[in-house]
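The values are calculated or read from the model by the stated rules, or taken from the named source; none is laboratory data. Just so you know, these numbers come straight off a predicted model, no measurement behind them. Here the Cβ positions follow ideal geometry from the backbone for every residue, glycine too, while neighbour counts run over all protein chains shown.
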Amino acid sequence: MDEFEKIHTTTLTQIQKKLYMLKEFVKEQEESLVQKEHEFRSSFDIIRNKMMKTYDLFIQRGPRIQSEWLAFIGRLDHSLEKSLKQAVKNTLTDLSKHIRGDTKQELVPIFKVMTVLIPDDTMPKWPIVHEPTHDEMLKSISQFIKKIIHVIRVVPRIEKIFREEREKKIALIKKEIEEAEKTGGAGAAGRFGAGRPGAGRPGDVNFQNMSEEEREEEWRKRW
């Protein structure tokens, strides 16, 4: 799916080649994180919709097909997790490159640091301080890195969402069959699926003469 590649190649920050005040830098990059968070949610919605639309073709197939689908969902989950981790790695690498430089380019400062001379006649020499201080910069960047990691947590596990959506679809199928039985509707009344021999789809099952326990057992066999 294209969305996996899109997430995989994402850099969550948008650091420009300019000098930033520390607060300005954090503010701009946090805004970028919010934007990327929305993009991740949108990508996940596309993945979910495609996945469930495809599953509609297989939902009434037998236990073997259902088992294969769960295995497939597990592989999707692994791919999504890998892509999300790569997005974090891309971002931390880019942040490090701008702050510490790398072997490919000369280090260019990105933070403005003001040197302030504090008048104090009680001292032999007026003290000199830097704003922001080294500790303030270190604390701000450390907190920002935690926010970078937090962004990927907005994307849920595919398997969790699949199971929730699947349960809704199964409940709807059960309801349609039960309503068809009550009204005696032709074709659907008392039937489960279309039941084509050899197609891997469960055969037609008449629920009208079953007890509640027998019905539940039949549902359990299907899913």
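Numerical summary
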| quantity | calculated |
| --- | --- |
| Test: residue in the stretch 69-81 that is part of a helix (DSSP H, G or I) and within 19 Å of Ser140 (Cβ to Cβ) | no |
| Residue ranges of helices (runs of 4 or more DSSP H) in the stretch 119-223 with at least 2 members of a type in the set (A, V, I, L, M, F, W, C) and at pLDDT 65 or above | 134-151, 158-183 |
| Of all residues in the stretch 61-79 being surrounded by 13 or more Cβ atoms within 10 Å (Cβ to Cβ) and charged (D, E, K, R), the one that is nearest to the chain's Cα centre (by Cα) | Asp77 |
| Restricting the stretch 80-123 to residues that are of a type in the set (Gly, Ala, Ser) and crowded, with 16+ Cβ neighbours inside 10 Å, the residue that is nearest to Met21 (Cα to Cα) | Ala87 |
| Verdict on Pro132 being exposed (fewer than 11 other Cβ atoms within 10 Å of the Cβ) and either under 30 Å from His78 (Cβ atoms) or assigned by TED's automatic domain parsing to the domain that holds Thr93 (or both) | no |
| Residues located in the stretch 30-43, provided they are under 14 Å from Ile161 (Cβ atoms) and surrounded by fewer than 17 Cβ atoms within 10 Å (Cβ to Cβ) | Arg41 |
| Selected residue (criterion: surrounded by the most Cβ atoms within 10 Å (Cβ to Cβ)) from residues of the stretch 44-60 that are over 15 Å from Glu167 (Cα atoms) and touching a residue at least 60 places away in the same chain (Cβ under 8 Å) | Ile47 |
